Amino acid sequence: MRRRIYFVLPNAATAEAVEKELLLAHIDDHHMHFMARDDLDLKKLPKANILQRTDLVHGMELGLIVGGATGLIAGTVVYLLPEFSAWLGMGIILVLALIGAVLGSWVSGMIGISAPNTRLKRFEKILGEGHVLLMVDVPKDRVDEITDLIKKHHHDAQQFGEEPTIPAFP
């Protein structure tokens, strides 16, 4: 498992230097996500993708739960109606719960993809001032090492905490 560490860097030049140091520390590019104002050129730095920039994942999770519960309730109501329960059986509850979960996840995902990531809301003002946000995913046992590495070489880099767990596969 990995932890995501957040750093705010003063400019793109510092971000490039940090990227090189992280590469030397054996942190792959696909575990680094840089984000800045649209008018700031991050050159060849690995930019935050749609999963990091938007609320897609959160929206899909919420839609899965709400849609599944709605489908479960609708399936139960349909099952309890005597004119339908005779020929549909209890399977209608499962079918409508699955349909509700899939539709809820899809619709909420479409809404979430157009909304900025709520976890990054605290960085809006700082990014607007021209700073660069670095999200780096590191193994749990290397969090202190990587944090110390960045702070040691870049005193102007500010750490803004970490997220508890990031799956190993993304």
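Some observations on this one:
- The relative contact order of the chain, computed from alpha carbon pairs under 8 Å that lie at least 6 residues apart in sequence, is 44 percent.
- For the stretch 52-64, backbone phi angles converted through the Karplus equation (6.51, -1.76, 1.60; θ = phi - 60°) give residue-by-residue couplings of 7, 7, 10, 9, 4, 5, 4, x, 5, 4, 5, x, 4 Hz, Gly and Pro being listed as x.
- Remark: the stretch 4-13, residue by residue, has Karplus-estimated 3J(HN,Hα) of 9, 9, 9, 10, 10, 10, x, 7, 5, 5 Hz, where x stands for each Gly or Pro and the curve is 6.51 cos²θ - 1.76 cosθ + 1.60 at θ = phi - 60°.
- Lys, Arg +1 and Asp, Glu -1 on Cβ, resulting dipole of the chain about Cα centre, debye, nearest 20: 100
- Estimated translational D of the stretch 34-82 in µm²/s (Stokes, Kirkwood radius over Cα pairs; 25 °C; 0.890 mPa s): 173
- 5 angstrom amide H check on residue 2, placed H, neighbours 5+ away: 166, 168
- GNM result for the chain, Cα springs below 10 Å: residue of 94, 56, 81 fluctuating most strongly: 81
- Rg/Rh ratio calculated on Cα atoms of the stretch 1-102 (Kirkwood radius): 1.35
- Database remark: amide H of residue 11 closer than 5 angstrom to the amide H of 132 (H placed geometrically; neighbours at sequence offset of 5 or more, or on other chains; Pro and chain starts carry no H).
- Relative to one another, the C-alpha centroids of the stretch 120-168 and the stretch 71-99 are positioned 49 Å apart.
- Cα-based convex hull volume of the chain per residue, rounded to whole Å³: 126
- The radius of gyration of the Cα set in the stretch 56-112, together with its Dmax, comes out at 12.7, 40 angstrom.
- 0 to 90° range, to nearest 10: angle between helix 143-153 axis and the chain longest Cα axis: 30
- Karplus-derived 3J(HN,Hα), 6.51/-1.76/1.60, for each residue of the stretch 34-45, Hz, glycine and proline x: 9, 9, 8, 4, 4, 7, 8, 8, 8, 6, 9, 5
Values quoted throughout were computed directly from the atomic coordinates according to the rules given, and no laboratory measurement underlies them. Quantities reported herein were computed from a predicted structural model and do not represent experimental measurements. With ideal geometry, Cβ positions are generated from the backbone for all residues, glycine too; neighbour counts draw on all protein chains shown.
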